[in-house]
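To start, the structure under review is shown below, and the notes come after it.
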Amino acid sequence: MLRYLLEKEFKQIFRNAFISKVILVLPVVYMLIFPWVVNQEIKNLKLSIVDNDRSTFSERLIHKITASGYFHLFEYTASSADAIESVDAGKADIILEIPRDFEKDLYRSGQTNVMISANAVNGMKGGLGSVYLSGILNDFASELTAAQGIRTQSSIVEPQFKFNPTLDYKVFMIPAIFVMLLTLLTGFLPALNIVSEKEMGTTEQLNVTPMNKAIFILAKLIPYWIMGILILTITMGLAALLYGLIPGSFTTIYIYSIVYILAVSGLGIVISNYSDTMQQAMFVMFFLLLIIILLSGLFSPISSMPEWAQVITAFNPLTYFIIVMRAIYLKGSGMQELLPQFFVLCGFAVAFNVWAVLSYKKSR
Amino acid sequence: MIQANNISLNYGGVSALKDISFQVERGEIFGLIGPDGAGKTTLFRILTTLLLADSGTAIVDGLDVVRDYKVIRTRVGYMPGRFSLYQDLTVEENLSFFATVFGTTIEENYHLIKDIYQQIEPFKNRRAGKLSGGMKQKLALSCALIHKPAVLFLDEPTTGVDPVSRKEFWEMLKRLKLQGITILVSTPYMDEASLCDRIAFIQKGKILTIDPPEKIIADFPYKVFAVEADNNYKILKQLRQSESVRSVFSFGDSLHVVFKDVSKIEKEQINAELKEIAPTIEDCFMALANN
């Protein structure tokens, strides 16, 4: 019976030209576009410079800054008032003011102050811009020490970026894309399929047959499980091919993926049990998708969320799976390091599926 | 074959079925006749184990609908009012799907559906969603019959079907009856009522009467007159206000009038021809529904 039902499901999926294409196109598009646009590196910040010194040193510094690639020299202004005006007008993002006796002070005492002011309307841009700029200043200072023998006193903070030394945001995002793809393909798509049978009335027709409902649901899920694993494999291939990303262990990825798939497909069934129409199910899914993605640490680190939001993230299966995927990809972690996440994900799988069974019984 | 005892059901405070009791004999075509919203579908869903009644019991083919629901599901065929097959599967795939679900094959029970299925067999590779209304109906009936059910539940099978297909459909039901299959059928069409062995008038969740259609007509206590005029609407309004008129309804091109006292008819001022006719099932239903 299960074999026959699966045959029917696959027939229907392949016959639906739209769905079968989307299933293939989705991962490719995600992999090709997503890592590039969901990028929080800041580039081409518009810099306004107030150079009150006009010395060799100040020129060298300015040259160094523009050569970094992060800044686009927007203008030289005569006074800081002018610079602030162009920030107000939204033309400049960041101001660097070099004091009058910049070179002289450096020769004499090795000590001077430059002022950085950033437009923090976009906090991320302002913050990162200042950090980049002070980094360049530090570099400049150490260069002076080496070349000129001037002992500068800038305290040099040298952050070491572990596991992602080039601070490549793409490396950070790609493992998270797998998580989103699996959630959509194995959690939400089968749920929509089940609801559509409800809406078409075929579920009611099948209810007046001796068919076992559990087998019916299983036949709905298995094709998407298979597709989920297949798509995961394709995307991992793409990640290796396009971005040179290779995980620590494929086995670990597959083990965690299977547990995660069980959890989200259980969640999907819960949604389908409470929905009578596609529209209703779609709406619930959009609502949930936004929340679980925002509260998973996919885009923004959980540690910088308010405490109450951090509590919510603990109840989000995505949170754990993203941690796992990033750990496997970036740190090459194995099962031992990720055991806590394994148990939590198993817990989600059990909880959602029990809920699915209970809510199904209730709706009868 | 089917026995309903005092079935009641409330839907969010509104009572959908009130104390419904009736019995259907083996090999009978039993019609549930009533307007939309009378509770026909709800009753079907209870009898086909899809819905639980608040009170009352029902027995189908000797089995209790609550306790033995699993066994009942193997012995009844249900055709819901809405086309409920897979639109993206072909005619043949749908049929073999339902055969497999019931643990049988098309070949095994082909003789049962032969008459019906032969008419759509030329289109067996067409997707069900692309069939015409009448063909969909035939396919749905074939699917409901493929496991040789003892009882067939047909919920408004002819709604939205053209008159020729409707006629054919009822002829098929007659033939199925000859094979010993019990049929419970609902319809909002009064003309189909006379094709049933017995009918139950149902309105607002209550059964008004249960009898063979001939008996219902024979028992109708009033004389019915038909009025045909150019200006039906004006006469209808006029008659509605008249003291001596019990009821008047428009039936296609004519008006059917029932008077309180036939001897007083002459005194009425009607500028149209008045002709006594034999009452139809619809007249009986209207009279019962109005009481």
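Among the criteria (1) touching a residue at least 24 places away in the same chain (Cβ under 8 Å); (2) within 14 Å of chain B (Cβ to nearest Cβ); (3) of a type in the set (Gly, Ala, Ser), the one A:GLY187 does not fulfil is (2). Residue check: is A:GLU204 surrounded by fewer than 24 Cβ atoms within 10 Å (Cβ to Cβ) and touching a helix residue (DSSP H, G or I) at 6+ places or on another chain (Cβ under 6 Å)? No.
Per-residue answers, yes or no, for (1) within 30 Å of A:ALA239 (Cβ to Cβ); (2) out of contact with any Phe, Trp or Tyr (no Cβ under 6 Å at 6 or more places or on another chain); (3) among the hydroxyl-bearing types (Ser, Thr, Tyr); (4) within 14 Å of chain B (Cβ to nearest Cβ):
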| site | (1), (2), (3), (4) |
| --- | --- |
| A:GLU7 | no, yes, no, yes |
| A:LYS11 | no, yes, no, yes |
| A:PRO27 | yes, yes, no, no |
| A:TYR30 | yes, yes, yes, no |
| A:ILE33 | yes, yes, no, no |
| A:LEU45 | yes, no, no, no |
| A:SER48 | no, no, yes, no |
| A:ARG60 | no, yes, no, no |
| A:SER68 | yes, yes, yes, no |
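All of (1) surrounded by 15 or more Cβ atoms within 10 Å (Cβ to Cβ); (2) within 12 Å of B:ILE281 (Cα to Cα); (3) modelled with pLDDT under 90 hold for B:ASP219 with one exception: (1). Between B:SER21, B:SER84, B:SER96, the distinction of being surrounded by fewer than 24 Cβ atoms within 10 Å (Cβ to Cβ), within 19 Å of the chain's Cα centre (by Cα) and within 14 Å of chain A (Cβ to nearest Cβ) belongs to B:SER84 only. The residues of segment B:7-62 that are part of a loop (DSSP other than H, G, I, E, B), closer than 23 Å to B:GLN179 by Cα and β-branched (Val, Ile, Thr) amount to a single one, B:THR48. Considering only residues in segment A:87-117 that are in contact with a helix residue (DSSP H, G or I) (Cβ under 8 Å, 6 or more places away or on another chain) and modelled with pLDDT under 80, the one that is surrounded by the fewest Cβ atoms within 10 Å (Cβ to Cβ) turns out to be A:GLN111.
Please enumerate the residues belonging to segment B:166-193 that are polar (S, T, N, Q) and surrounded by 16 or more Cβ atoms within 10 Å (Cβ to Cβ).
Our first condition is that a residue be polar (S, T, N, Q); within segment B:166-193, this holds for B:179, B:182, B:186-187.
Selection gives B:THR182, B:SER186, B:THR187.
Could you tell me whether B:GLY129 is touching an Asp or Glu at 6+ places or on another chain (Cβ under 7 Å), within 12 Å of chain A (Cβ to nearest Cβ) and either surrounded by fewer than 22 Cβ atoms within 10 Å (Cβ to Cβ) or assigned to a helix (DSSP H, G or I) (or both)? Criteria met by B:GLY129.
For A:GLU103, indicate whether it is closer than 29 Å to A:ALA147 by Cβ and assigned to a helix (DSSP H, G or I). Here the answer is yes, as A:GLU103 does meet what is asked. Within segment B:102-115, the set of residues being surrounded by fewer than 21 Cβ atoms within 10 Å (Cβ to Cβ), of a type outside the set (D, E, K, R) and part of a helix (DSSP H, G or I) comprises B:TYR110, B:HIS111, B:LEU112.
Taking segment A:24-50 as the range and being surrounded by 19 or more Cβ atoms within 10 Å (Cβ to Cβ) and among the polar types (S, T, N, Q) as the test, only A:SER48 passes.
Would you confirm whether or not segment A:14-23 contains a residue that is within 14 Å of chain B (Cβ to nearest Cβ), of a type in the set (Phe, Trp, Tyr), touching a helix residue (DSSP H, G or I) at 6+ places or on another chain (Cβ under 7 Å) and surrounded by fewer than 14 Cβ atoms within 10 Å (Cβ to Cβ)? Yes - at least one qualifying residue is present in segment A:14-23. Only residues that are surrounded by fewer than 22 Cβ atoms within 10 Å (Cβ to Cβ) and in a helix (DSSP H, G or I) were counted in segment A:286-307, giving 12.
For the criterion of being of a type in the set (D, E, K, R) and either surrounded by fewer than 15 Cβ atoms within 10 Å (Cβ to Cβ) or in a loop (DSSP other than H, G, I, E, B) (or both), A:ASP53 passes. Considering each residue of segment A:8-23 in turn, at least one proves to be touching a residue at least 12 places away in the same chain (Cβ under 8 Å) and in contact with a Lys or Arg (Cβ under 7 Å, 6 or more places away or on another chain). Scan segment A:75-86 and tell me whether some residue there is of a type in the set (Ser, Thr, Tyr) and touching a helix residue (DSSP H, G or I) at 6+ places or on another chain (Cβ under 9 Å). Checked segment A:75-86: at least one residue is of a type in the set (Ser, Thr, Tyr) and touching a helix residue (DSSP H, G or I) at 6+ places or on another chain (Cβ under 9 Å). Scanning segment B:48-77 for residues that are surrounded by 21 or more Cβ atoms within 10 Å (Cβ to Cβ) and more than 10 Å from every other protein chain (Cβ to nearest Cβ) gives B:ALA53, B:ALA58, B:VAL60, B:VAL65.
If you go through segment A:239-251 and keep only what is in a helix (DSSP H, G or I), surrounded by fewer than 22 Cβ atoms within 10 Å (Cβ to Cβ) and in contact (Cβ under 8 Å) with a residue 40 or more places away in the chain, you end up with A:LEU242, A:TYR243. Those strands (runs of 3 or more DSSP E) of segment B:181-291 in which 2 or more residues are touching a residue at least 12 places away in the same chain (Cβ under 8 Å) and in contact with a helix residue (DSSP H, G or I) (Cβ under 7 Å, 6 or more places away or on another chain) occupy B:182-187, B:198-203, B:206-211, B:224-228, B:245-251, B:254-259. Pairing residues of segment A:203-226 that are within 14 Å of another protein chain (Cβ to nearest Cβ) with residues that are small (Gly, Ala, Ser), at Cβ distances under 7 Å and at least 6 apart in sequence or on separate chains, gives A:GLU204/B:SER84; A:GLN205/B:SER84.
The values are calculated or read from the model by the stated rules, or taken from the named source; none is laboratory data. Model, not experiment: these values are computed from the prediction. Heads up, the Cβs are rebuilt from the backbone with ideal geometry, glycines too, and the neighbour counts pull from every protein chain shown.
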